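The values are calculated or read from the model by the stated rules, or taken from the named source; none is laboratory data. These figures come from a predicted structure and were not determined experimentally. Counting neighbours? That spans all protein chains shown, and the Cβs are built from the backbone with ideal geometry, glycine included. The protein model used for the area step is the full one, side chains on, heavy atoms only, and it has no ligands, DNA or RNA in it. Shrake-Rupley method; radii C 1.70, N 1.55, O 1.52, S 1.80 Å.
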Amino acid sequence: MAVVEAYAELARRLLAGPARLGRTRLVAVDGPSGAGKSRFAARLADALAGPLGGRPPVVHTDDLLDGWDDQVTFWPRLDEGVFAPLRVGEPGAYRRYSWVRQCFLPRPVSVPVAPVLVVEGVSAARAVVRPELTLAVFVTAPASLRLARAVARDGPEILPELRRWHDGERAHFAVDETATHADLLVDGAPTLPYDADRYYVRLR
C-alpha cells in the first residue's frame, strides 16, 4: 500500500539512527536508471540541511564510472577514495568522470567527514556495503517511463548503450536482491496528489 511520508520525518529518523561508517550515517539511494534516485537524494539532503546546519554531501556514482562499461565495477574507486578514509574519521575524495571528455578530471572532489553522507546511483546499496548503511533506499518506476525519462534527458543517441545498461542493472539487482534488502521502497512515479518537494511515496 502506498503511503505519503515527509522528507523531514525521514531526516529525523535517519539522524536518530546509528553511524556505521566511522562517525558518518551512510545513506544509499539505489534503483534503476530513470527511476528518480537523484531527485529523492536531493530532496532528502535538503530536508537534512536544517537539522544539520548545512546540506550533507551527496555523491553520485555516475561521477565515478569510467564510461558505460564500468556499471558496477567502479566500486573500488568509491570504497578506497571515500569510504575507507571516512571509516577512520578522515575526509575522502574522488575524481569526477567527464562523460563529454570521456576521462576523469584532474581536480579531486572532497568528501568531508559529516554526520550524513548520501550516495546515489545504481548499485549504491549493494550487499557489500549493507553493514555500514544507516538507511538503504530503493526507488522504482515503470520501465517504459524510465526509458522515456533517460532519452528526454540525454537524447535518443544513447539508446543502444542505455538498453545494455538496463540489461546490466536488471542482472545486478536480481543477484544482489537490492530491493528486498532495502529499508525503504519508494515510488518514483506516483499518481497520488502530493507536494513532491516535501513528501515522497513509500511502497514498503
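Table for the structure above
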{"item": "Residue match in segment 26-40 (condition: charged (D, E, K, R) and more than 29 Å from Ser144 (Cβ to Cβ))", "result": "no"}
{"item": "Residue match in segment 109-126 (condition: more than 27 Å from Ala8 (Cα to Cα) and touching a residue at least 24 places away in the same chain (Cβ under 8 Å))", "result": "yes"}
{"item": "Considering residues of segment 2-55 that are outside any helix (DSSP H, G or I) and free of Cβ contacts under 8 Å to residues at least 40 places away in the same chain only, the residue most open to solvent (accessible area, probe 1.4 Å)", "result": "Arg55"}
{"item": "Residue in segment 56-68 that is nearest to Arg146 (Cα to Cα), counting only those that are outside any strand (DSSP E or B) and open to solvent by less than 50 Å² (accessible area, probe 1.4 Å)", "result": "Thr61"}
{"item": "Test: residue in segment 86-108 that is part of a loop (DSSP other than H, G, I, E, B), polar (S, T, N, Q) and surrounded by fewer than 16 Cβ atoms within 10 Å (Cβ to Cβ)", "result": "yes"}
{"item": "Criterion violated by Val82 - all others in (1) under 30 Å from Glu5 (Cα atoms); (2) open to solvent by less than 30 Å² (accessible area, probe 1.4 Å); (3) in contact with a strand residue (DSSP E or B) (Cβ under 7 Å, 6 or more places away or on another chain); (4) outside any loop (DSSP other than H, G, I, E, B) satisfied", "result": "(1)"}
{"item": "Residues of segment 116-149 that turn out to be touching a strand residue (DSSP E or B) at 6+ places or on another chain (Cβ under 6 Å) and either open to solvent by 30 Å² or more (accessible area, probe 1.4 Å) or in a loop (DSSP other than H, G, I, E, B) (or both), as a count", "result": "4"}
{"item": "Residue tally, condition assigned to a helix (DSSP H, G or I) and either open to solvent by less than 30 Å² (accessible area, probe 1.4 Å) or touching a residue at least 12 places away in the same chain (Cβ under 8 Å) (or both), over segment 171-204", "result": "6"}
{"item": "When residues of segment 154-170 are limited to those that are free of Cβ contacts under 8 Å to residues at least 12 places away in the same chain and open to solvent by 20 Å² or more (accessible area, probe 1.4 Å), the one farthest from Leu203 (Cα to Cα)", "result": "Glu157"}
